[in-house]
Amino acid sequence: MTKGMFHKAVTEDQLKVKLCINNLRKEYVGGTRDTFVALDKLSLQVAEGEFVSVLGPSGCGKSTLLEIIAGLQKRSSGEISIDGLPIEKSGTKPAIVFQHYGLFPWLTVQKNIEYGLKIRGIDRKTRNKISHAHIEMVNLGGFAKFYPHELSGGMQQRVALARALANNPDILLLDEPFAALDAQTREMCQRELLNLWKQTGVTIIFVTHDVGEAIFLSDRVIVMSKNPGTIKESIPIDIARPRDFHVRLAEGFRKTELHVRLLISENGAMVAIPGKEGQHG
Ligand SMILES: Nc1ncnc2c1ncn2[C@@H]1O[C@H](COP(=O)(O)OP(=O)(O)OP(=O)(O)O)[C@@H](O)[C@H]1O
Ligand SMILES: [Mg+2]
């Protein structure tokens with residue numbers, strides 16, 4: 001298995017580093033455990049427009065990592081830069097989408113999407129134009145005046161994606177965005193996310209527990225280990241795009257899937273892949 005910092009269908013010298021994390025450490029201080037080192041010696045570079053997934057056992061610090069990049073948590077030490085500028089000085093603010101949508105229940109789809117724009121002082125006419133474009137982008141035409149409780153989980157998650165993208169972020173951070181969805185809705189949302197990524201060219205860091213989902217979507221899969229959380233391996237995914245669901249059946253896909261599962265399982269014990277029991281390798 002090749003290890004690589006980047007992987008894209010362009011040559012190395014064309015790649016521009018979007019996000020650079022160097023020797024990141026995060027200690028949670030003063031909780032039940034007193035001081036807990038959640039992340040340590042974590043270094044990661046993400047190229048502009050790259051789609052990177054992050055996998056790892058529960059508690060290895062995936063959400064902590066995203067929250068630090070989003071500026072929602074303070075790091076203890078280490079450097080983070082966007083476009084070569086320290087994150088504090090960079091004008092770029094990454095957008096984040098969580099597992100539980102985080103929509104405002106008292107606001108319509110349109111008002112939810114416009115929320116960040118309004119805070120930034122963007123005028124009503126421009127807000128309307130942006131929200132309608134994004135409602136169309138996530139295939140929710142006709143639902144602008146609906147409230148979140150009137151939508152399915154998949155629809156709500158698409159609103160959350162539209163709301164994040166309406167602010168035109170350079171970096172989109174997704175923390176298990178499809179975990180609460182049924183398998184069919186999840187596949188539809190995956191396709192939609194790939195379309196949005198293609199349309200916008202946004203750099204994506206996608207946290208998931210679903211190994212198949214990570215491989216299917218990504219240019220590169222990052223596996224983390226825990227105690228303390230750090231990066232164990234970076235695995236480029238050499239599957240041509242556009243990808244359809246058949247790629248999941250290919251031998252290369254299954255081999256990568258098994259490799260990643262073994263990395264995630266802490267004791268290194270064999271883990272079965274659905275439909276391939278007894279055929280490891
Ligand atoms: N506010 C906090 N105070 C103290 N410890 C925390 C806090 N937030 C997270 N932790 C600890 O940091 C570690 C990493 O948590 P984090 O939520 O980042 O993990 P994760 O990889 O996202 O897990 P999961 O896959 O279950 O979502 C865990 O051990 C957790 O208990
Ligand atoms: Mg988490």
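Any chance you could give the angle, 0 to 90 degrees and rounded to 10, that helix 251-264 forms with the longest Cα principal axis of the chain?
Tilt relative to the chain: about 80 degrees.
Amide H of SER76 versus every other amide H placed in the peptide plane: which residues, excluding those fewer than 5 positions away on the same chain, fall under 5 Å?
ARG25, LYS26, GLU27
Can you give the extra length, in nm with one decimal, that the chain gains between PHE104 and ARG248 once fully stretched, where that is 0.36 nm per residue apart less the Cα-Cα distance? Intermediate values should be presented prior to the final figure.
Details: separation 144, 0.36 × 144 = 51.84 nm, distance 3.60 nm.
Taking 0.36 nm per residue and subtracting the Cα distance, the gain is 48.2 nm.
Relative to the present Cα-Cα distance, how much length would full extension add between SER152 and PHE36 at 0.36 nm per residue of separation? Before the final figure, lay out each step's value.
Values: separation 116, 0.36 × 116 = 41.76 nm, distance 3.80 nm.
Extra length from SER152 to PHE36 when fully extended: 38.0 nm.
So how tilted is helix 153-166 from the main axis of the chain? Cα-based, degrees 0 to 90, rounded to 10.
80
State to the nearest 20 debye the size of the charge dipole of the chain about its Cα centre, where the only charges are +1 on K and R beta carbons and -1 on D and E beta carbons. Don't skip to the end; give the middle numbers.
Values: 36 positive and 31 negative charges, 130 e Å.
My answer is approximately 620 debye.
For a quick check of your reading of the filter: which GluC sites (Glu not before Pro) in segment 64-160 sit in a DSSP loop and have no more than 13 other Cβ atoms within 10 Å?
Values: sites: GLU67, GLU79, GLU88, GLU114, GLU136, GLU150; in loops: GLU88.
Filter output for segment 64-160: GLU88.
Just to confirm the filter: which trypsin sites (Lys or Arg not before Pro) across segment 42-119 are DSSP coil and have at most 16 other Cβ within 10 angstrom of their Cβ?
Details: sites: LYS62, LYS74, ARG75, LYS89, LYS111, LYS118; in loops: LYS74, ARG75, LYS89.
Those satisfying the criteria are LYS74, LYS89.
Along the Cα→Cβ direction, 7 angstrom out, place labels at LYS74 and ALA179. What is the inter-label distance in nm?
Roughly 2.6 nm, to one decimal.
Can you tell me the orientation of helix 124-137 relative to the chain, as the angle in degrees between its alpha-carbon axis and the longest Cα principal axis, to the nearest 10?
40
Rounded to two decimals, what is Rg over Rh for segment 45-121 when you use alpha-carbon atoms and the Kirkwood radius?
Numbers: Rg = 15.1 Å, Rh = 15.0 Å.
Rounded to two decimals, Rg/Rh equals 1.00.
Using bins 5 angstrom wide from zero, how does P(r) for segment 26-164 break down, in % of all Cα pairs?
Calculated over all Cα pairs of segment 26-164, the distribution is 2, 8, 15, 17, 15, 15, 13, 9, 4, 1, 0 percent.
Let me see the P(r) profile for segment 163-252: every Cα-Cα distance counted, bins of 5 Å, each bin given as a percent of all pairs.
Bin by bin from 0 Å, the calculated values are 3, 11, 22, 25, 21, 13, 5, 1.
Report the gain in length on full extension from LYS145 to LYS255: 0.36 nm times residue separation, minus Cα-Cα distance, nm rounded to one decimal.
Values: separation 110, 0.36 × 110 = 39.60 nm, distance 4.61 nm.
Here the answer is 35.0 nm.
No solvent, one uniform scatterer per C-alpha: report log10 I(q)/I(0) for segment 102-236 via the Debye equation at q = 0.09, 0.14, 0.15, 0.16 1/Å, two decimals.
So the normalised log intensities work out to -0.29, -0.67, -0.76, -0.84.
Over all alpha-carbon pairs in segment 112-165, figure out the percentage whose distance exceeds 16 Å. Please list the in-between numbers first.
Numbers: 496 of 1431 pairs.
The calculated P(r) of segment 112-165 puts 35 percent of pairs beyond 16 Å.
About the Cα centre of segment 72-140, what is the dipole size in debye to 20, counting +1 per Lys and Arg Cβ and -1 per Asp and Glu Cβ, all else neutral?
Details: 11 positive and 6 negative charges, 59 e Å.
Computed charge dipole of segment 72-140: roughly 280 debye.
Roughly how many debye, to the nearest 20, is the charge dipole of segment 18-70 about its Cα centre, given +1 on each Lys and Arg Cβ, -1 on each Asp and Glu Cβ, and no other charges? Provide the component values of the computation, followed by the final result.
Details: 6 positive and 6 negative charges, 17 e Å.
Here segment 18-70 has a charge dipole of around 80 debye.
Give or take rounding to whole Å, what are the principal axis extents of the alpha carbon atoms in the chain, in descending order?
Taking the Cα atoms of the chain, the three principal extents are 55, 45, 44 Å.
The numbers here are math on the coordinates, done by the rules we state, and not lab data. Treat the numbers as computed from the prediction; the structure is a model and nothing was measured. Cβ coordinates were reconstructed from backbone atoms using ideal geometry, including for glycine residues, and neighbour counts include every protein chain displayed.
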